[in-house]
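Each value in this text was obtained by applying a stated rule to the coordinates, not by laboratory testing. All of these numbers come straight from a predicted model, not from anything done at the bench. Backbone-built Cβ (ideal geometry, glycine too); neighbour counts: all protein chains shown.
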Amino acid sequence: MTRLIDLAAILRSKNAGPLFVTFDVIFDNQKNYERVKKSGVLTKELIADIYDVDANNVSIIMYHIVTSLKITIPRKEISGSILDADIYGCQQHVPLSNVMIP
Amino acid sequence: MKIVSLNGLLGYGYSIESLEKIKAMDIDYIGVDGGSSDPGPFYLGNGTSFTNRDAVKRDVELVLPYAVERKIPLIIGTAGGSGGNAHVQWMREIIEEIAKEQGLGLKIAIIQSEVTKEYVREKMCVGKIKNIGPGLELTREIIDQCNRIVSQIGIDPYIKALESDADVILAGRSCDTAIFAAPAIKAGMDWGLAFHMAKIIECGALCAIPMAAADMIVADIEKESFTLEPANPVRRCTIERVAAHTMYEQTNPYYIYEPDGIIDLKKSQYEQISNRAVRISNSKFREAGIKTLKLEGTMLVGYRTITIAGINDPMTIKRIDAIFSEVKEFIAGNMAGKIGSDEYTITLRKYGEALPGSIPQSIPNCNLGIILDVVAKSQDIANTICALARARLLHKDYQGRKSTAGNLAFPYSPSDIVCGPVYTFGIYHLAEVDDLCETSEINYVKVGE
């Protein structure tokens, strides 16, 4: 088992407009990309669980051109609302980083 | 045709090397994105820019005389950071100041793209307002509360303005892509390629190695493809970087959603044509049956006062949630009859705690950073509640307490910081439109001579 961040070359989160946070997991080799893809670990249900959102609102897209995957979830707090703590959403990646991949 | 993107955001800076390089090229247009909603709702709400005036002025004053002399239109979108009328005016004054200082005579096409509450109400009445995501439902009350609403215009108003002989196109809130796609589409280029190009270069040299939002990129668009090359010789574009940038801050890496339709990137071809340049082809545009414009509106929700402090005592850190609950109860009781608990929101933000999903490890003795955050109906109430909470938190006693002199380490005097008005996004929705120019107005002004 290896943490997702140890397999990825880039693992980042960023706001996509004020309503969504999007995660880019970019691999620098086909082997790691295929390993994560074939593991089947990264499901909408898992993302929904670790980020406490509705699985129906989770989007996961494989982007083969740069051996990467993109995950998008709705923000729990809209950008800049009274309880929001990360306007740019760029520090939301850590729970995803720690997902274990067989 | 060659289009230069000055940088990722007007006011972020660019290198003089890049400026000298583009001066030696045959450039048709220079564009730059002047804003973003990324820094949150305050700036649209407050009518001020998150970019710095002197830094914005620097970026314009170095390039403007060259652009005017060579008759290269300078296109600035989402002026003043948020693109409201007040923001456009702010940017206009900077340009006029530069023109005066440098003795430049120029014509500015000013595109305003604010909309009225009445416009949004009418759209809602006829069912032409659509949600973008969960969590933000539009109601009549929200529209009433909004203090400023802008529309993200697409290419149409830009093309109209470009048909004049304006030296500068200064536009309010815009799709980032419109700034760069409009001149290419006006020149008859393929829509799919024009928008894909625009999507990449609107961030300046962020798609290059070393990546930089603070430098220029040059796009050369032809009938069948476009080529990207950083102006600064120290940077280069690679297929991986450019393709990776296409997915940046988008919800979907294969589609770009525009007012006119969708750009389909599933079959896009990337080709490394030199050490520093990438050529892209086969990006396709699909026209939408219903055209839409994105609306952004902000509303004032209160006024904020905060206190920043550290807690070093492990006994206090362990009990902090219980202590804070008691502080809230104390304030409610203490101010009963004077300030209702519905007149403010008080939050304790804690920094330095273990995150959910973190891997257990032994943590050395460390301190906890806190922000006592109060948002209230008025600044006076926010100041009062913050002062009471700060004093109570500082001196709150608890079972077994040994450090009885105080619970908080304040880094600053004064401890309480007045932050002013707080805005939130009330509107972030799509409006279906019959005419993509219906939210904008173009005026032409002459400066200097």
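What to note about this one:
- Dipole of the protein assembly as shown, positive end: most advanced residue of A:40, B:315, B:376 [Cβ charges, Cα centre]: B:315
- Straight-line cross-link partners of residue A:70 among the lysines, defined as a Cα under 24 Å from its Cα and at least 8 positions apart when in the same chain: A:14, A:31, A:37, A:38, A:44, B:199, B:266, B:267, B:284, B:294.
- Computed [θ] at 222 nm, deg cm²/dmol, chain B (DSSP H ≥ 4; -39,500 (n - 2.57); rounded to nearest 500): -9000 deg cm²/dmol
- Only Lys, Arg (+1) and Asp, Glu (-1) charged, at Cβ; region B:239-397 dipole about Cα centre in debye: 280
- Of B:283, B:403, B:164, the one that fluctuates the most in a GNM where chain B has Cα springs shorter than 10 Å: B:403
- In the protein assembly as shown, the alpha-carbon atoms span a convex hull of 172 Å³ per residue.
- Net charge of Cβ neighbours under 14 Å - reference residue B:162; Lys, Arg +1; Asp, Glu -1: -1
- Once the mean of 1/r is taken over each pair of separate Cα atoms and inverted, chain A shows a Kirkwood hydrodynamic radius of 13.8 Å.
- Backbone geometry of region B:437-447 corresponds, through the Karplus equation with coefficients 6.51, -1.76 and 1.60 at θ = phi - 60°, to 3J(HN,Hα) couplings of 9, 5, 9, 10, 9, 10, 10, 10, 10, 9, 10 Hz, x marking Gly and Pro.
- Dipole magnitude for chain B: about 1220 debye, using +1 per Lys or Arg Cβ and -1 per Asp or Glu Cβ, origin at the Cα centre.
- Residue B:355-residue B:446 FRET efficiency (beta carbon distance; Förster radius 51 Å; 0.05 resolution): 0.35
- The amide H of residue B:212, built 1.01 Å from its N in the peptide plane, has B:205, B:206, B:207 as neighbours under 5 Å, considering only residues 5 or more places off or on other chains.
- Shape category assigned to chain B from the gyration tensor of Cα positions, a/c cut at 1.5: prolate
- Candidates B:12, B:270, B:398: whichever shows maximal mean-square fluctuation once chain B is modelled as a Gaussian network with Cα springs under 10 Å: B:398
- Residue by residue, region B:264-271 carries 3J(HN,Hα) couplings of 9, 9, 4, 10, 4, 10, 10, 9 Hz when phi is fed to the Karplus relation 6.51 cos²θ - 1.76 cosθ + 1.60 (θ = phi - 60°); x denotes Gly or Pro.
- Near the amide H of residue B:288, within less than 5 Å, lie the amide hydrogens of B:261, B:262, all on another chain or at least 5 residues away, with H placed in the peptide plane.
- Helical mean residue ellipticity (222 nm; -39500 (n - 2.57) per DSSP H run of 4+; nearest 500) of chain A: -6000 deg cm²/dmol
- Taking only the C-alpha atoms of region B:270-321, Rg followed by Dmax gives 27.3, 63 Å.
- Residues in region B:296-312 carry Karplus couplings, in order, of 10, x, 10, 9, 6, 10, x, 10, 10, 9, 10, 10, 10, 8, x, 10, 9 Hz; the curve used is 6.51 cos²θ - 1.76 cosθ + 1.60 with θ = phi - 60°, and Gly or Pro positions show x.
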